[in-house]
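Let me begin by presenting the structure, written as structure tokens, before commenting on it.
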Amino acid sequence: MRALILLAGFYLVALVVLGVLVGADAAAWIWGPHLLALKVTVFSALLGLPVLRGLFALGTDTGDGPEALPVGEPDQPELWRAVRSLAERSGTRAPDEILLTGDVNAAVSEDARLLGLLPGRRRLYIGVPLLTGLSEPQLHSVIAHELGHYGNADTRLAGITRRGHDCVLRTVESFQEQERKRIGKERSRQEKADAKRVRKGRKARGVDTGRTGLRYRMMAKPFQAYARFYLRATNSVNRQQELAADRMAVRVAGRDATASALREIAVLDAAHDFYRSRYALLGVEAGLLPPRGEVVGGLRHLLADPGRRSDLAEMRGELPDDEESPYDSHPPVAERVRLIEAQPDDGLGAAPARPALALLRDTGRVLVELEDVLLTPEARAMRRVEWPELAHRGMYARAAAAAEELRTALAAAGIAPGSPTGELTALLDSADAGRLWPVAGHLPKSPEAARATGRAAREFLRPALEAGTHRLAELALVETRGAYWELSWSERTRLRLPRAADPGATEEAVTAAVRALLADVPDTAPLRTLLAG
């Protein structure tokens, strides 16, 4: 009933707005001249178009379902057997499809009909990172939580709520899109007018678009206000549904397994983001990806590394203490764990168990097939290399990109482009000749830095010069002494000379040598010695 009332409320707001526009048109035709009435009608039609788009968006599908790999029961009998057993214990019908995703998440959907009165086809989405990082009992609690949404009929009305949400937001976005178009056109007009004035020797007026698109902003306000109300109302119900689903998970899988699963998912979420940026996508700039199946499946290396265990254990004990917002669809994780752990001991415990990934048959093949679904055609065409090569070549590409501004500055200062070693040597020669800072003056500057002089100008340039020199020195060490970036699942990827005993010694030496170069009295000897070995 609440979902239907909220949806009807949107239509009421839209009809009121359209009624005002139609009333303005009628008044203009009755009491005004025909030319003015025509202008008002055209203007009203332009303002009413975004509202009509929102009204007719109810029956459309946004198509934002997650990209996923369907797995059939013949291929994955053990996973299906576990899900069917959990559905029976939850007192609900099992899903008709199970789909694997690349997210640290699980979800359910249902194609209900007749405003949720008739059930429809059910889908269960399971993120492979959950299978990678959770134990089997923990995964059971996650699946039982999602099945609880079926049992509580949450998915039956989710379609109405989602479509109403889409209608409101599409209307607001339509007004904002029209506003952006008007601002873009007005900005372009004013810029052309200023350029014309400058060509005639007159002063430019500058660009001012403050009042442009004002009518669209004003029209969007009632829909923005209703969108905020809609989100607060629907998300308060969503939070209640999540707590009810948690209670179902506790009843089916046990208190300890459910609480530990929530703790582990918070850790997995952070670890997965770290893994993607520092490992899986490290070589994208160089056109490289890890071996087939490792873009998603490589997370297991990070989780299994002994050097990461203490960090992960600390994260499990310190859940994020987020404040609850009326716009959140889920209660804070810490609050959910507190409520679960406050329940009486059910005796099920959280005994050691095998990893949830063991539920999959032929895991390597599944990971490869999932990648084919998740990756774009451009990504699938990238070259696959082993992890050590990916770490080195990916970091080399990033270092080269970071050194590009300094290399451009060297060229602008008259130093011919060449190899990193040659350019670094030329920079050192410039420092010995007292021309280090004039060369650095060709680096990009902010307006404030461009106005500075003397020591203040040097201090503005120092961070960019230090960063660029550090990267250029790394590239030169790779070229002259065979240095390489070493893969580590315990620590960040570091540059290392072939015979360096300490993994961090090479980077420390480069940092010290660069700082000596940028001292008040430049000393180039440390960098020259480092290059010469």
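The values are calculated or read from the model by the stated rules, or taken from the named source; none is laboratory data. Note that this is a predicted model, so its numbers are computed, not measured. Cβ atoms come from the backbone with ideal geometry, glycine included; neighbour counts cover every protein chain shown. What goes into the accessible areas is simple: the full protein's heavy atoms, side chains included, and nothing from ligands, DNA or RNA. Shrake-Rupley method; radii C 1.70, N 1.55, O 1.52, S 1.80 Å.
Scanning the stretch 497-506 for residues that are out of contact with any Asp or Glu (no Cβ under 7 Å at 6 or more places or on another chain) and either under 19 Å from ALA391 (Cα atoms) or in a strand (DSSP E or B) (or both) yields LEU497, PRO498, ARG499, ALA500, ASP502, GLY504, ALA505, THR506. Determine if the stretch 444-463 includes at least one residue that is touching a Leu at 6+ places or on another chain (Cβ under 7 Å) and of a type outside the set (A, V, I, L, M). Within the stretch 444-463 (the criterion being touching a Leu at 6+ places or on another chain (Cβ under 7 Å) and of a type outside the set (A, V, I, L, M)), the answer is yes, since at least one residue qualifies. Within the stretch 269-287, residues that are over 15 Å from TRP387 (Cβ atoms) and touching a residue at least 24 places away in the same chain (Cβ under 8 Å) have Cβ atoms under 7 Å from residues that are assigned to a helix (DSSP H, G or I) and open to solvent by 30 Å² or more (accessible area, probe 1.4 Å) in these pairs: ALA270/MET315; ALA271/LEU303; GLU285/ARG398; GLU285/ALA401, counting only partners at least 6 apart in sequence or on another chain. What about ALA379, is it assigned to a helix (DSSP H, G or I), among the aliphatic types (A, V, I, L, M) and more than 30 Å from ALA68 (Cα to Cα)? Answer is no for this residue. Could you tell me whether the stretch 484-496 includes any residue that is touching a residue at least 40 places away in the same chain (Cβ under 8 Å) and either outside the structural domain of THR408 (by the TED database) or part of a helix (DSSP H, G or I) (or both)? Checked the stretch 484-496: no residue is touching a residue at least 40 places away in the same chain (Cβ under 8 Å) and either outside the structural domain of THR408 (by the TED database) or part of a helix (DSSP H, G or I) (or both).
Would you be able to say whether some residue in the stretch 283-300 is of a type in the set (A, V, I, L, M), closer than 16 Å to GLU341 by Cβ and under 18 Å from the mean Cα position of the chain (by Cα)?
Quick first cut of the stretch 283-300, residues of a type in the set (A, V, I, L, M) only: 284, 286, 288-289, 295-296, 299.
When the remaining residues are screened for being closer than 16 Å to GLU341 by Cβ, the result is none.
No; the residues of the stretch 283-300 include none that is of a type in the set (A, V, I, L, M), closer than 16 Å to GLU341 by Cβ and under 18 Å from the mean Cα position of the chain (by Cα).
Being closer than 22 Å to LEU299 by Cβ and not in a helix (DSSP H, G or I) is the filter; apply it to the stretch 132-152 and report the residue that is most open to solvent (accessible area, probe 1.4 Å). If you could, list the steps in order and put the result at the bottom.
First, pick out the residues of the stretch 132-152 that are closer than 22 Å to LEU299 by Cβ: 132-143, 145-146.
Add one more test, that the residue is not in a helix (DSSP H, G or I), and what stays is 134-135.
Values: LEU134: 3, SER135: 28 Å².
The extreme case among them is SER135.
SER490 satisfies every condition listed in (1) of a type in the set (Gly, Ala, Ser); (2) open to solvent by 60 Å² or more (accessible area, probe 1.4 Å); (3) in contact with a Gly (Cβ under 8 Å, 6 or more places away or on another chain) except (2).
Of all the strands (runs of 3 or more DSSP E) wholly in the stretch 62-131, which have at least 2 residues that are modelled with pLDDT under 95 and open to solvent by 20 Å² or more (accessible area, probe 1.4 Å)?
Ranges flagged: 106-110.
Being among the polar types (S, T, N, Q) and without any contact (Cβ under 8 Å) to a residue 60 or more places away in the chain narrows it down to one residue among THR469, THR480; which is it?
THR480
Cβ-Cβ contacts under 6 Å between residues 6 or more apart (or on different chains), taken from a first residue in the stretch 221-237 that is modelled with pLDDT of 80 or more to a second residue that is assigned to a helix (DSSP H, G or I) and not hydrophobic (A, V, I, L, M, F, W, C), are listed as PHE223/THR171; THR234/THR161.
The condition (being open to solvent by less than 70 Å² (accessible area, probe 1.4 Å) and either of a type in the set (Asp, Glu) or over 30 Å from PRO74 (Cα atoms) (or both)) is satisfied by just one residue among ARG336, ARG383: ARG336.
Scanning the stretch 207-216 for residues that are open to solvent by less than 60 Å² (accessible area, probe 1.4 Å) and either at pLDDT 80 or above or hydroxyl-bearing (Ser, Thr, Tyr) (or both) gives THR209, THR212, TYR216.
Residues in the stretch 507-532 that are of a type outside the set (Asp, Glu), part of a loop (DSSP other than H, G, I, E, B) and open to solvent by 70 Å² or more (accessible area, probe 1.4 Å): VAL521 only. Before we move on, is GLY164 out of contact with any Lys or Arg (no Cβ under 9 Å at 6 or more places or on another chain), in contact (Cβ under 8 Å) with a residue 40 or more places away in the chain and surrounded by 20 or more Cβ atoms within 10 Å (Cβ to Cβ)? Yes; evaluated as a whole, the condition is true for this residue. Pick from ARG205, ARG170, ARG189: which is free of Cβ contacts under 8 Å to residues at least 40 places away in the same chain and part of a helix (DSSP H, G or I)? When all the criteria are applied, what remains is ARG189. Quick check: is even one residue across the stretch 346-361 open to solvent by 60 Å² or more (accessible area, probe 1.4 Å), outside any loop (DSSP other than H, G, I, E, B) and over 23 Å from ALA270 (Cα atoms)? So far as the stretch 346-361 goes, no, none of its residues is open to solvent by 60 Å² or more (accessible area, probe 1.4 Å), outside any loop (DSSP other than H, G, I, E, B) and over 23 Å from ALA270 (Cα atoms). Those residues that are crowded, with 20+ Cβ neighbours inside 10 Å and over 22 Å from the mean Cα position of the chain (by Cα), I need them from the stretch 362-380; list them, please. Passing the criteria: only VAL366.
Scan the stretch 44-51 and tell me whether some residue there is outside any loop (DSSP other than H, G, I, E, B), among the small types (Gly, Ala, Ser) and modelled with pLDDT under 80. Within the stretch 44-51 (the criterion being outside any loop (DSSP other than H, G, I, E, B), among the small types (Gly, Ala, Ser) and modelled with pLDDT under 80), the answer is yes, since at least one residue qualifies. Return yes when GLY482 is surrounded by fewer than 16 Cβ atoms within 10 Å (Cβ to Cβ), touching a strand residue (DSSP E or B) at 6+ places or on another chain (Cβ under 7 Å) and not hydroxyl-bearing (Ser, Thr, Tyr) and no when it is not. Judged against the criteria, GLY482 is not a match.
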